[in-house]
Structures are given as C-alpha cells and as structure tokens.
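The values are calculated or read from the model by the stated rules, or taken from the named source; none is laboratory data. From a predicted model like this one, the values you see are computed outputs, not experimental measurements. All Cβ positions, even for glycine, are placed from backbone atoms using ideal geometry, and neighbour counts span all protein chains on display. Ligands, DNA and RNA are excluded from the accessible area calculation, which covers all protein heavy atoms including side chains. Shrake-Rupley method; radii C 1.70, N 1.55, O 1.52, S 1.80 Å.
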Amino acid sequence: MPISTPFSLLDESKLRTWLGEKALELGFDGMRITDTHLGQASERLNSWLSKSFHGQMEYLQRHAQLRSDPALLLPGTVRVICVRMNYLPPEINFDHEWQRLEEPTQAVVSIYARGRDYHKVLRQRMQDFAKAIEEKILRRRICGRGDTSRKNARLRPYCGRDWSWHNLVGI
C-alpha cells in the first residue's frame, strides 16, 4: 500500500516546482536537485587540493572525501538538493565602490563583510528550508499514517521535534 503524500511519486515535476518556489521564498537565488554521481568533479577537487589552492582552509582537505561522495556523509543518499545564495546585497553600487578603491585616504571594508555573516544567514535559511520540507512532505508522508507497517514503525521515531536535515536527505 503506497504512503499517502501531497506529491505523487510520479509527480516529480510538482515536487521540484514546490521546492524551487520555497527556496526562492526563503531568500535563496536558485535551487537544483542532482544525484550523487559527481563524475570528474572528485578528481578535479583532489587535483585542486594537491596544488594547495585551498590555502589555509584545511577543512577542505580534511573533508574532501565527504565532498566527493555524499553517501559517506549519509549512507543511502540518492539525491542532493543544492541551493545557492548571493551574499552581496542587491543595492550595491559597484561604480561607486570602484571609485572608493581609487581613493588612497578612503578605508574600504569588503562588501560581503559589511552585512551579517553569510554563513549564519545561509545556515538559518537551510534550517528553515529543512523545516518546510519536513512539514510539507515528510511529516505528512511518514507521520500522517495510522497503520503499523514495518516501514512506518521504523521511521516513527523520526517524526518528533528532533528531526534533522540529515534525516531529510536520507529518505
């Protein structure tokens, strides 16, 4: 018996549209869904790292395998939702900024450093996106059923408030 969900498994287009609209609503500039096969990207990452292009960002080297194989991060992952966010404010006047750089007496702070730390903004938006996905899709799909199927019994512990982004990716 199929699990009840607002999106039919055959209606992938409707699900993708909803995800894209929700991503834009939350302030992301775009959203894509991909599988976990990275092709030559892993080789290019390893080559880039071997040339020390990552500078002092040692975490890039330390977590290279996780970046190359999402299943190492969360076994069973078959799709990855990727969002992008421009961290520059849209109201920036670049002509004015270039002029400021030409003034030797003018102190200039990098544009992206003037606002809130974009890592924090991105993290909050990702958490909001995960919560929206949980509420719109997963809670209805998994937790809204009253039957005692083996799958529902296995997933029932995930239906509480402690649902995490990692759980979303794996299902």
Open item on the list: Is it the case, given these coordinates, that Leu168 is modelled with pLDDT under 85, open to solvent by less than 100 Å² (accessible area, probe 1.4 Å), in contact with a strand residue (DSSP E or B) (Cβ under 9 Å, 6 or more places away or on another chain) and under 17 Å from Trp18 (Cα atoms)?
Closed with: yes
TODO: Search region 73-96 for residues being of a type in the set (D, E, K, R) and modelled with pLDDT under 90, and hand back the single one that is surrounded by the fewest Cβ atoms within 10 Å (Cβ to Cβ).
DONE: Glu91
- [ ] Could you list all residues from region 102-123 that are more than 34 Å from the chain's Cα centre (by Cα) and open to solvent by 100 Å² or more (accessible area, probe 1.4 Å)?
- [x] Glu102, Pro104, Thr105
- [ ] Test Gln65 against the criterion of being modelled with pLDDT under 95 and under 20 Å from the mean Cα position of the chain (by Cα), and give yes or no.
- [x] yes
TODO: Residue by residue through region 79-134, note down the ones that are of a type outside the set (Lys, Arg), free of Cβ contacts under 8 Å to residues at least 24 places away in the same chain and either under 25 Å from Thr17 (Cβ atoms) or in contact with a Lys or Arg (Cβ under 6 Å, 6 or more places away or on another chain) (or both).
DONE: Pro90, Gln106, Val108, Gln124
Task: The listed residue being over 21 Å from Gly30 (Cα atoms), modelled with pLDDT under 85 and touching a Cys at 6+ places or on another chain (Cβ under 8 Å), out of Arg154, Arg114, Arg139 - done: Arg139
